[in-house]
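**Student:** The structure is given below, and queries will be raised subsequently.
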Amino acid sequence: MTPAPVPGRVVVIGTGLIGTSAALALRRYGAGVWLWDRDPAAAALAADLGAGRVLARPEDCPGPADVALIAVPPVEVAGVLATLQRAGLAHCYTDVASVKALPLARAREAGCDISRYVPGHPLAGRERSGPAAARADLFLGRAWALCPAPETSGAAVATVTAMVTACGAEPVLTDADSHDRWVALVSHAPHVVAAAMAAQLAPKSVPPEALSLAGPGLRDATRIAVGDAGLWTQILTGNAGPVAAVLAAVAGDIAEAARILETGPDGSPAPEAEASKELTGLLEQGRAGVARIPGKHGGPARAFTAVQVVISDRPGELARLFAAAADVGVNVEDVGIEHSPGAPVGVAELSVRPESAETLINALTAGGWPVRR
């Protein structure tokens, strides 16, 4: 099938992080973008960032757009879709809600024209929200699920797919029910787990001295817990069944780890050899699960070698380090930095393909960089 052209006219309804980021990406592609938000200040800020032109009302858009992108919370999608379709705002419609079965079912109940509706969900985001956090490259290389219903037209799917590709994302076609089961596993339940761990830090009984010991492990495990609680409540209740199933499985593993580690009635620990074997089994399962997470651009998981390099805390050091890697043809797949405030040096951990590690280590060592593999 010949790819559809990139939509030249797009209306974005909802100028939060996702809506504004999509608008910025489409503007880079040369599309005409019109913006509307129930909060005029949010729409104005998005426009000031270069995301498009503000509409006083959605129906003020000059002529039908190619696509209307609905970037509102899940429970609002069907109502907004019905209103926009009655106004004839666009030739086809899509949304970005994190659940798909609920909006689709409610759109049918509301009498929406499903043939022109392509339910969608970009698997991208940030801890921050609102238009000020928007980025034109937010979707670059990210999966963007498209869940057309059986009655959705091929033309609508092709147009929305072209829009998603223009945003830099990788379109993934699936159905609404499958989408909701899988995002429960890879997105929704992890948010609850992170929130549950972070909630352990909230009581006043946890002294500041304890929190002062927090390292990157705790920060990584709780990073996503700062998401908007109201929106996440909608997402979780909108996908309640699949999320509950994943959480029950996770809770079972955590309860089993607690059982292994807990002491007996007399305060004696569990038999060390037995406990170690069971606990190691669970931890190894965790390592195996991480290894299955896809690599960049949604491709197969790849094994990388970490090369640790001591770098000075002065301007230009990271650029010089990356240039040294580029000079010997080594691509840095990922980078992490450990640096204590005020310290004169830090450690950059460069993730590279295993076959490139020795080349990089030799080149950096020759260039005077302190390297540890």
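The values are calculated or read from the model by the stated rules, or taken from the named source; none is laboratory data. This structure is a prediction, so every number in the text was calculated from the model and none was measured. Virtual Cβ from ideal backbone geometry, glycine too; neighbours counted across all protein chains shown.
**Student:** Would you confirm whether or not the stretch 159-169 contains a residue that is closer than 21 Å to Arg223 by Cβ and at pLDDT 95 or above?
**Tutor:** No - not one qualifying residue is present in the stretch 159-169.
**Student:** Also, quick follow-up: Which one is surrounded by the fewest Cβ atoms within 10 Å (Cβ to Cβ) among residues in the stretch 248-272 that are at pLDDT below 85 and of a type in the set (Gly, Ala, Ser)?
**Tutor:** Gly267
**Student:** Count, please, the residues in the stretch 89-126 that happen to be over 23 Å from the mean Cα position of the chain (by Cα) and surrounded by fewer than 20 Cβ atoms within 10 Å (Cβ to Cβ).
**Tutor:** 9
**Student:** Among the residues of the stretch 50-88, what is the count of those that are of a type in the set (A, V, I, L, M, F, W, C), in contact with a Leu (Cβ under 7 Å, 6 or more places away or on another chain), surrounded by fewer than 24 Cβ atoms within 10 Å (Cβ to Cβ) and touching a residue at least 24 places away in the same chain (Cβ under 8 Å)?
**Tutor:** 2
**Student:** Also: Which residues, counting only those in the stretch 86-114, are part of a strand (DSSP E or B) and among the hydrophobic types (A, V, I, L, M, F, W, C)?
**Tutor:** Scanning the stretch 86-114 gives Ala90, Cys92.
**Student:** Consider Asp313 carefully, then state whether it is modelled with pLDDT under 85, closer than 30 Å to Arg353 by Cα, in the same structural domain as Ala348 (by TED's automatic domain parsing) and surrounded by 10 or more Cβ atoms within 10 Å (Cβ to Cβ).
**Tutor:** yes
**Student:** Further, regarding this structure: Taking the options Leu140, Leu146, name whichever one is in the same structural domain as Tyr93 (by TED's automatic domain parsing), free of Cβ contacts under 8 Å to residues at least 60 places away in the same chain and surrounded by fewer than 17 Cβ atoms within 10 Å (Cβ to Cβ). Before you say what the answer is, go through the steps one by one.
**Tutor:** Numbers: Leu146 fails: surrounded by fewer than 17 Cβ atoms within 10 Å (Cβ to Cβ).
Step by step, each of Leu140, Leu146 is checked, and only Leu140 is in the same structural domain as Tyr93 (by TED's automatic domain parsing), free of Cβ contacts under 8 Å to residues at least 60 places away in the same chain and surrounded by fewer than 17 Cβ atoms within 10 Å (Cβ to Cβ).
**Student:** Within the stretch 38-48, work out how many residues are surrounded by fewer than 24 Cβ atoms within 10 Å (Cβ to Cβ) and within 25 Å of Thr161 (Cα to Cα).
**Tutor:** Adding up the residues that qualify gives 1.
**Student:** Within the stretch 60-70, does at least one residue satisfy the condition of being in contact with a Gly (Cβ under 8 Å, 6 or more places away or on another chain), aliphatic (A, V, I, L, M) and either in a loop (DSSP other than H, G, I, E, B) or at pLDDT 95 or above (or both)?
**Tutor:** yes
**Student:** Here is a follow-up. Just to be sure, is Ala288 small (Gly, Ala, Ser), outside the structural domain of Ser212 (by TED's automatic domain parsing), modelled with pLDDT of 80 or more and within 26 Å of the chain's Cα centre (by Cα)?
**Tutor:** Numbers: small (Gly, Ala, Ser): yes; outside the structural domain of Ser212 (by TED's automatic domain parsing): yes; modelled with pLDDT of 80 or more: yes; within 26 Å of the chain's Cα centre (by Cα): yes.
Yes: the conditions hold for Ala288.
**Student:** Which one of the conditions (1) modelled with pLDDT under 85; (2) out of contact with any helix residue (DSSP H, G or I) (no Cβ under 6 Å at 6 or more places or on another chain); (3) surrounded by 14 or more Cβ atoms within 10 Å (Cβ to Cβ) does Ala275 fail to meet, given that it meets all the rest?
**Tutor:** Answer for Ala275: the failing condition is (2).
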